[in-house]
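Structure record follows, encoded as structure tokens.
The values are calculated or read from the model by the stated rules, or taken from the named source; none is laboratory data. Remember, predicted model here, so these are calculated numbers, not experimental data. Counting neighbours? That spans all protein chains shown, and the Cβs are built from the backbone with ideal geometry, glycine included.
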Amino acid sequence: MEPHHFFTAQRVLIVAGKGGVGKSAVAGSLALLAARSGLRALLVSFDAETIEVPAHERLERVTVTPGNALTDYLASKGMGLISRQLAKSGIVELVATTAPGLDDLLVLGRIKAFENELRADIIIVDGPAAGHAIDLVRAPLQLKRALSSGPIAQQADEVLAMLADGTRCKILMVTTPAMTPVQETVEAATELRDDVHIVLAPVVVNKTEPAVPQLSTSELSQDLVDAYTYASQRSQSQQEAIAVLSSTLELPQMTITRRRLDGEELVNAMVEDLTLAIDSLP
């Protein structure tokens, strides 16, 4: 599969994963790869920038918080002056995070607005941790049940329509090849797919180690034998975790090699791996 086809299979790609698996780096790398593939890419973060992504003329970055999402929503309804005055006082951010689930609905509503406005060819969302991803996409349904009419209900309906349409939105889970993050990824992905009915993109397995070849250790020093044994056991554990992921979650996998890099160097290296991984997808 070519990167262009991978990204245009949906307009919004929400990247989620357990803390520490490299979710933000994967999101940034996907956005940069999309831009380098000739697409207009928008990278959306919920917090201040957490990963350095090389600049590209086709790549735009925005941070969406509940407060600024509410401000933009009020402005779209002709109440821009009022919303700006409230924002200066800090009231907007307070209101946006008071009602349970309202903050999630507001940020999803802003992403939906970006999609409707055709702000970019592909919107990559540096989403929440795996567990909160479920709360994020459940929020519109819960608010819809509580408020059957009015602007909040309308916004919830529009967001739910986007989430339910795999041509508009998918969730991409990120994990590492270790048993605990794999199990948490499987649980979250299964609930998102079976209970919330979200379409899932291929799973990214980040920070994989190269396979350790079978060697004879008879002529090695004890230090080298110990190092080889440790590496072999670590490789075996990695393969066991990937086997569990493959057997319990029937989704294509994209693999990214662990690298001792950071910042823009890390993102550039991850783009190379993602390019090869996408090329290998059916």
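Within segment 194-227, count every residue that is of a type outside the set (A, V, I, L, M) and buried (at least 16 other Cβ atoms within 10 Å of the Cβ). Talk me through it step by step, then tell me what you get.
Here is the first cut: in segment 194-227, the ones of a type outside the set (A, V, I, L, M) are 194-195, 197, 202, 206-210, 213-214, 216-219, 221-223, 226.
Filter once more, so that each one left must be buried (at least 16 other Cβ atoms within 10 Å of the Cβ): 202, 206-208.
The total comes to 4.
A quick yes/no check of all residues on (1) modelled with pLDDT of 85 or more; (2) over 28 Å from the mean Cα position of the chain (by Cα); (3) polar (S, T, N, Q):
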| site | (1), (2), (3) |
| --- | --- |
| Y230 | yes, yes, no |
| Q238 | yes, no, yes |
| S247 | yes, no, yes |
| E250 | yes, no, no |
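Restricting segment 256-282 to residues that are within 10 Å of M1 (Cα to Cα) and not β-branched (V, I, T), which is surrounded by the most Cβ atoms within 10 Å (Cβ to Cβ)? Quick ask: steps written out before the conclusion?
From segment 256-282, those within 10 Å of M1 (Cα to Cα) are 275-282; that's our starting set.
Subsequent filtering for residues that are not β-branched (V, I, T) retains 276-277, 279-282.
On the way: L276: 11, A277: 19, D279: 11, S280: 12, L281: 14, P282: 5.
Result: A277.
Tell me yes or no: at least one residue of segment 59-79 is in a helix (DSSP H, G or I), closer than 21 Å to A9 by Cα, at pLDDT 95 or above and not β-branched (V, I, T).
No: segment 59-79 contains no residue that is in a helix (DSSP H, G or I), closer than 21 Å to A9 by Cα, at pLDDT 95 or above and not β-branched (V, I, T).
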Exercise. What about L33, is it under 26 Å from L106 (Cα atoms), buried (at least 21 other Cβ atoms within 10 Å of the Cβ) and touching a residue at least 12 places away in the same chain (Cβ under 8 Å)?
Worked result: no
For this session: Please list, ordered by first then second residue, the pairs with beta carbon atoms under 6 Å, 6 or more apart or interchain, first in segment 145-171 and under 15 Å from V196 (Cα atoms), second assigned to a helix (DSSP H, G or I) and of a type in the set (V, I, T).
Result: L163/V137
Exercise. Looking at segment 30-44, which of its residues are assigned to a loop (DSSP other than H, G, I, E, B) and among the charged types (D, E, K, R)?
Worked result: R40
For this session: Find the residue count for segment 159-208, including only residues that are of a type in the set (D, E, K, R), over 15 Å from L249 (Cα atoms) and touching a Leu at 6+ places or on another chain (Cβ under 9 Å).
Result: 1
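So is K88 in contact with an Asp or Glu (Cβ under 8 Å, 6 or more places away or on another chain), surrounded by fewer than 22 Cβ atoms within 10 Å (Cβ to Cβ), among the charged types (D, E, K, R) and modelled with pLDDT under 80 or not?
Values: in contact with an Asp or Glu (Cβ under 8 Å, 6 or more places away or on another chain): no; surrounded by fewer than 22 Cβ atoms within 10 Å (Cβ to Cβ): yes; among the charged types (D, E, K, R): yes; modelled with pLDDT under 80: yes.
No: the conditions fail for K88.
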For this session: Quick one: in segment 111-138, of everything that is in a helix (DSSP H, G or I) and buried (at least 22 other Cβ atoms within 10 Å of the Cβ), which residue is modelled with the lowest pLDDT?
Result: A130
